[in-house]
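Please read the structure below before turning to the comments.
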């Protein structure tokens, strides 16, 4: 009996790390490793896959810039997976991809993990949701990530729409946390997506403009995506559907933007850059 007990205890480390996965990339002389394990857990929302992950530089453990870093919950759609995140020149991190909404409709949940290369021993992470796979736009010193979140507004699934978001990372910034991007800057990137063009709509772009307090984007939505045939759809979500009413909301967004700029430092709102 003692021999059996000793054998079982000796196998615990093996079983504990049997499903560990590891990915790595090189940046100059440095090697960055992403190690993760997936385990099934129960939560208030039902059964989930919990991904426990760690980041290493040259074998040294990195710490998360967030208190709850290293944990990622995914609903049971398919097993979470990891993809590289690249700038125009090189790999700079990873995207952990799983299920964010698993029901009558499905949306992805993604977590972007970017280790700080030069001056510290921690990594940034940022979570987001998207109806379709997040779109990574590589840039010279970083990337932009575009997503579309399903919005039910005042209706149901049949009248729902998809609101775009843009987040940027600039590695040349010494403190490069994830920053809100201006959707109107580089909007052709998502407008050229022929396979996912159904995600773009007047309501989606106009709502994104309200959310971001971006009157120029609201006006762009009217000029390029509004049509009289959409009035019934728009009326489900807004109190008016004619251009006169929609332009009044733009005027309110302009006033709000001016107010927030005047009270900067007292009231903090991030505008897209």
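The values are calculated or read from the model by the stated rules, or taken from the named source; none is laboratory data. This is a predicted model, so every value here is computed, not measured. Note: ideal-geometry Cβ built from the backbone for every residue, glycine included; neighbour counts use all protein chains shown.
A few points about this structure:
- Scanning region 181-210 for residues that are closer than 18 Å to residue 257 by Cβ and surrounded by 16 or more Cβ atoms within 10 Å (Cβ to Cβ) yields 181, 182, 183, 184, 205, 206, 207, 208, 209, 210.
- Output for region 148-160, where each listed residue is out of contact with any helix residue (DSSP H, G or I) (no Cβ under 7 Å at 6 or more places or on another chain), surrounded by fewer than 16 Cβ atoms within 10 Å (Cβ to Cβ) and in a loop (DSSP other than H, G, I, E, B): 152, 156
- With respect to (1) assigned to a helix (DSSP H, G or I); (2) under 19 Å from residue 128 (Cβ atoms); (3) at pLDDT 95 or above, the lone exception for residue 163 is condition (1).
- Residue list for region 236-251, filter: surrounded by 14 or more Cβ atoms within 10 Å (Cβ to Cβ) and free of Cβ contacts under 8 Å to residues at least 24 places away in the same chain: 238, 241
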